[in-house]
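Contents: one structure, followed by commentary.
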Amino acid sequence: MRAMILEKPGNALVQRDVPIPKPGPGQLLVRVKTCAVCRTDLHLVDGELPNPKLPLIPGHQIVGRIEELGESVQGFSIGERVGIPWLGWTDGECVYCRSNRENLCDRARFTGYTIDGGYADFTVVDARFCFRLPEQYNDVDVAPLLCAGMLGYRSYRKTGDATRLGIYGFGNAARLIAQIAIYQGREVYAFTRPRDKAGQESARKLGAVWAGGSDEMPPEKLDAAIIFAPVGALVPAALRALTKGGIVVCGGIHMSDIPSFPYADLWGERAICSVANLTRRDGKEFLEIAPRVPVRTKTETFPLEEANTALEKFRSGKLEGNAVLQISDV
C-alpha cells in the first residue's frame, strides 16, 4: 500500500510502498478514504513533539470503510464507515481511566503519533476507539470533525456556562466550535492575528458579535477564553480580557512558553487550564450535536502524494480551509 512516512523529524514526509497491516484481536483494518491534516501533524513533522514512533505514518482525522475484522470484534461489519481520532488506546485500568479521565492515561497511545495513522491506503484501529459518523456528512467534510472538532469541543466544555466567550486563533477548530457556541446562545468574541481584516470579517459573518486583533481588548470582559493558537504570549493577554472568576483554556497539544505576568492579572479567582487529548465521551457528544447545528466545514483537498504540499500550505497560512487528503474512491 502507499504511505507517506515521517522518517526523521524536521524532514519532509517520503512516499513508500509498505505492507498492508494485519488487524490483531479487537482491531479493525480500515481502507482510508480521507484524512484531514492537523496542526499536530505539523508539530510532529517539525520535531516539536517528543518521542514519536519512527518511522511513522502521520494522520489522526481518518475516515474509512472497514475492510477486515480482527478476532473478537463485535458490533461492526465489513464495509461500515468509521472515523478514527487522535486517542487510539488506553489501558482501562489506571486511576485516570477508572475516573472517566482516559485522556490522561499515562500509557495512552495516539493515532499518527505512537500508532501509525491515516496518511496511507490502509490503517488498523482498536475497535473501541473509533466512531460511527453522521450520515449527513460526506467523507471529506466529516474528516476535520475528528480532531479540530472533537478536541475543540473538549476545550469548549471546559468553559462551562460562559456567556461571553473569547476565541484566540480563529482557525479550523475555532470556526467549528464557534458554530456550536452561537447555536447554544453564547456571544463569541474572535481574536485573529493583528491586522487580519479578512479573518475578522470571516468571524463576523459566522456570527461573532465582535472580531479584532489578538493585541486588542474586547468591548466587554469575557467569561471565558479558548486559545487555539500555539502562542504562549496570548495567555496573559486573555487573562487581562477576563472578568473575575473567568477561565482561560489552552486548547493545543503544543504551545510556546508563556511569559511572566503580574499576579494581579490572575487574581480574582481567574484560572488557566490546558486540554489534553480527548475522551470517547467528548467525541460521542460532539458527533451528536454537530449535525443538529449543523456544524459546517470548509475544506481544501489534496491527493495523498501531496501531503507535504498540504502541510507547507498549513504552515504558511495559505490554506482556504481544512486540508483533507483524498486517498481512496473505492
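Computed from the coordinates by the stated procedures, all read-outs in this text should not be read as laboratory data. Please read these numbers as outputs of a predicted model, since none were measured by experiment. Reconstructed Cβ throughout: ideal geometry from the backbone, glycine too, with neighbour counts over all protein chains shown.
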Quiz prompt | Bridge type composition, the chain - antiparallel percent by DSSP, nearest 5 | solution = 50
Quiz item: Which entries in the list LYS8/LYS53; LYS158/LYS197; LYS221/LYS298 go over 19 Å, if you measure between the two C-alpha atoms of each?
Solution: LYS158/LYS197; LYS221/LYS298
Quiz item: Remind me, relative contact order of the chain in percent, using alpha carbon pairs under 8 angstrom and six or more residues apart?
Solution: 19
Exercise. Could you line up HIS254, HIS60, HIS43 from fewest to most neighbouring Cβ atoms inside 10 Å?
Key: HIS254, HIS43, HIS60
Practice problem: Within region 69-116, list the GluC sites (Glu not before Pro) lying in a DSSP loop whose Cβ has at most 13 other Cβ atoms in a 10 Å radius. | Solution: GLU71, GLU93
Practice problem: Take the alpha-carbon centre of region 263-330, take the same for region 16-81, and report the distance between them in whole Å. | Solution: 17
Practice problem: Within 10 Å of each residue's Cβ, count the other Cβ atoms and sort CYS94, CYS147 from fewest upward. | Solution: CYS94, CYS147
Quiz item: Fully extended, how many nm does the chain gain between ASP91 and ASP257 (0.36 nm per residue separation, minus their Cα-Cα distance)?
Solution: 56.7 nm
Quiz prompt | Residue-span extension gain [GLU48 to GLU320] - 0.36 nm each, minus C-alpha spacing | solution = 95.4 nm
Quiz item: Hey, if you put +1 on the Cβ of every Lys and Arg and -1 on every Asp and Glu Cβ in region 150-274, which of GLY169, GLY268, TYR183 ends up farthest toward the positive end of that dipole?
Solution: TYR183
Exercise. Taking the Cβ of each residue in PHE261, PHE129 as the centre, tally the other Cβ atoms inside 10 Å and list the residues starting with the fewest.
Key: PHE261, PHE129
Quiz prompt | Paramagnetic reach from GLU269 in region 188-228 [backbone N under 15 Å; point 7 Å along Cα→Cβ] | solution = 223-224
Quiz item: Gaussian network model of the chain, Cα springs within a sub-10 Å range: biggest mean-square fluctuation belongs to which of TYR96, TYR113, TYR189?
Solution: TYR96
Self-check item: Size of charge dipole - the chain - debye, nearest 20, with Cβ of Lys, Arg +1 and Asp, Glu -1, no other charges
Solution: 640
Practice problem: Name the longest site-free stretch of the chain, where the excluded sites are trypsin sites (Lys or Arg not before Pro) in a DSSP loop with no more than 11 other beta-carbon atoms within 10 Å. | Solution: 1-194
